[in-house]
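Engineer: Got a structure here, written out as C-alpha cells. Questions coming.
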Amino acid sequence: MITNIIRICFRLSFRSALSIAGKWIMVGSLTHGCIISVHADEFKITGNQQTQAVVIRPGYDYAPTLMSESGSVKMWWCASLPGVEGDQILYLNNLASGDQAFYEPLDGRIKRVFSSSGDKNKFDAAHVCDPSVIHVDGRYYMYYGGIDVLKKRMLKLPNPTAIGVAVSDDGVHWMRANDGAAILTVADTAEGKVNTYGVGQPSVVYVSPYYYMIFTDTTAPVSTPKDGWKLFIVRSENPLFSSFEELTQEGFRPIVDGKVMRNFRILEGFSAEMVFIDTWNLFMVAVNRKPKETWLYFFDKNFQPVGNRVSINDEWSEGPGIIKDRLGHLQPSANDRVNLEMVRSVGDRMNPGTWDLYLETVELERLSGEVSKH
C-alpha cells in the first residue's frame, strides 16, 4: 500500500538553567530521532452503482472486450450460435447507453466476425474465445484463445488452449497473423493437472513502447490454489509477441531460446481485464475470484502493487470487460475520478445458456494520504 516514504532525521540540543549551591548554571541535553512521512494511496468506489442489460439473446454470451473510439462504443465477445459447434466471436458497433440489443437473424447490429479456423493442424481448429482488442497505428489487433479439439479438456490431453492474434483494418474483417500459429503456449503439459485449461484469456494494453498482456496459465510451475487459476504478465515491443519479456520476481526478463519461466504469478483468478489509467500512471486489473465480487488491483509500471484492493459487489458468471480507449487506457474525469463502465456476463455459472451481458457503472476515486511516524 505504501507508495512513497520520506525519512527525515534530526538532532536537537535542549538547554536549561539549574541552581546548584546558589549558583545558576546552564546545562545541555542532546537528543536525536527520525520522522517517517508515509504517503499512501487509497482507492475507493464512490457514487451509486448502476446495472443494466445490454445484450439479451438465445445461447450464451460472455468475455467481452470494449473500445470507445470515434464517438461510439464497439464490443467484441464470445458467444454460442444455434447449429454451430464451438464458440464464436461476435461484434456490436455503437453500444449506446440504455440500449438493449436482441440478436435475431435479420438484426444487422450484431455480426459474427471471427470463427474457428477449421484447420485440424492449427491450434484454433474447433473453438475461439476470450477476445481482447486494441487499435494501434491504424491497425486492430485481436488476441484470443483457441482450442483444436473441443473434447480435449474432458479427455485431459495436453495443451488444450493457446493464445493467437488476428489483425484487421476495420475491426470487422479479420485475418490471422503469425501464419495462424499460436503466439503464446503453455509453460508445461496440462496432462495430470487438476485444471487442464492451459493458457488463454488474454487482456492486452499498449503503453509505449510495449504491448502488455495479462493471461491465464493453469500449467505454470508455481505454487497455486487447487483450481489452478494463475495470472501472469508478459510484454513486447512487437504486437505479435514474436519476442517478449516475462515478469519475474526480479522484474521483466527476456525469454532466452524460447524457454518461458512462468515462475511469478501476479494474481490468482481468471478472465482478468487490464487497463492503464494515464493520469494516475497506473495499471488496473479487474478479476473475479469470489462469487458476487469483482476485485480491482493497482500496479505501477514495474507491476509493484499500489494501494488497496477494491471490492465491487456484483453478479457475474465470467470476467468483466471495461470500456476503454483504443490503446486500452482509461482517462479520469476533471475531478480525477474514473468512471468505470464494465460489461460482464450474468447468469447461473453452472448453466451457460442463461448467460447474458450486463453493463455496470461505478465511480472510482484515488486518495493520497500522509501519515507521520516518529
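Engineer: From the list Val205, Val113, Val186, which residue is modelled with pLDDT under 95 and either crowded, with 24+ Cβ neighbours inside 10 Å or part of a strand (DSSP E or B) (or both)? Give the steps one after another, and end with the answer.
Structural biologist: Numbers: Val205 fails: modelled with pLDDT under 95; Val113 fails: modelled with pLDDT under 95.
The match here is Val186.
Engineer: Can you name the residue in the stretch 55-87 that is crowded, with 20+ Cβ neighbours inside 10 Å and without any contact (Cβ under 8 Å) to a residue 60 or more places away in the chain and is also farthest from Ile322 (Cα to Cα) among such residues?
Structural biologist: Top of the filtered list is Asp87.
Engineer: I'd like to check something: does the stretch 348-355 contain any residue that is over 22 Å from Ser132 (Cα atoms) and either among the β-branched types (Val, Ile, Thr) or under 16 Å from the mean Cα position of the chain (by Cα) (or both)?
Structural biologist: Within the stretch 348-355 (the criterion being over 22 Å from Ser132 (Cα atoms) and either among the β-branched types (Val, Ile, Thr) or under 16 Å from the mean Cα position of the chain (by Cα) (or both)), the answer is yes, since at least one residue qualifies.
Engineer: If Ser271 meets every condition in (1) modelled with pLDDT of 95 or more; (2) in contact with an Asp or Glu (Cβ under 8 Å, 6 or more places away or on another chain) apart from one, which number is that one?
Structural biologist: (1)
Engineer: Under the condition of being modelled with pLDDT of 95 or more and in contact with a Leu (Cβ under 9 Å, 6 or more places away or on another chain), which residue from the stretch 128-154 is surrounded by the fewest Cβ atoms within 10 Å (Cβ to Cβ)?
Structural biologist: Val136
Engineer: Looking only at the stretch 169-183, how many residues end up being within 21 Å of Lys74 (Cα to Cα) and crowded, with 18+ Cβ neighbours inside 10 Å?
Structural biologist: 3
Engineer: Would you check which residues across the stretch 296-344 are among the acidic types (Asp, Glu), over 20 Å from Lys44 (Cα atoms) and either surrounded by fewer than 19 Cβ atoms within 10 Å (Cβ to Cβ) or in contact with a helix residue (DSSP H, G or I) (Cβ under 7 Å, 6 or more places away or on another chain) (or both) and list them?
Structural biologist: Within the stretch 296-344, just Asp325 meets the criteria.
Engineer: Would you tally the residues in the stretch 230-287 being of a type in the set (Gly, Ala, Ser) and either closer than 19 Å to Ala181 by Cα or more than 16 Å from the chain's Cα centre (by Cα) (or both)?
Structural biologist: Looking only at that region, the number is 5.
Engineer: Also: Take the conditions in contact (Cβ under 8 Å) with a residue 40 or more places away in the chain, out of contact with any Asp or Glu (no Cβ under 8 Å at 6 or more places or on another chain) and not basic (Lys, Arg) and apply them to Gly307. Does it pass?
Structural biologist: No.
Engineer: Moving on. Can Gly198 be described as at pLDDT below 95, among the small types (Gly, Ala, Ser) and under 15 Å from Ser271 (Cα atoms)?
Structural biologist: Considered against the rule, which asks whether it is at pLDDT below 95, among the small types (Gly, Ala, Ser) and under 15 Å from Ser271 (Cα atoms), Gly198 comes out as yes.
Engineer: Within the stretch 292-302, can you find the residues that are part of a loop (DSSP other than H, G, I, E, B) and touching a Phe, Trp or Tyr at 6+ places or on another chain (Cβ under 7 Å)? Outline the logic, then answer.
Structural biologist: Residues of the stretch 292-302 that are part of a loop (DSSP other than H, G, I, E, B), as a first pass: 292, 300-302.
None - no residue of the stretch 292-302 is part of a loop (DSSP other than H, G, I, E, B) and touching a Phe, Trp or Tyr at 6+ places or on another chain (Cβ under 7 Å), so the list stays empty.
Engineer: Let me ask another. Can you go through Arg253, Arg265 and tell me which one is among the basic types (Lys, Arg), farther than 14 Å from Asp300 by Cβ and buried (at least 16 other Cβ atoms within 10 Å of the Cβ)? Don't jump to the end; show me each part of the working.
Structural biologist: Numbers: Arg253 fails: buried (at least 16 other Cβ atoms within 10 Å of the Cβ).
Residue meeting the stated conditions: Arg265.
The values are calculated or read from the model by the stated rules, or taken from the named source; none is laboratory data. All of these numbers come straight from a predicted model, not from anything done at the bench. Note that we place each Cβ from the backbone using ideal geometry, even for glycine, and neighbour counts take in every protein chain shown.
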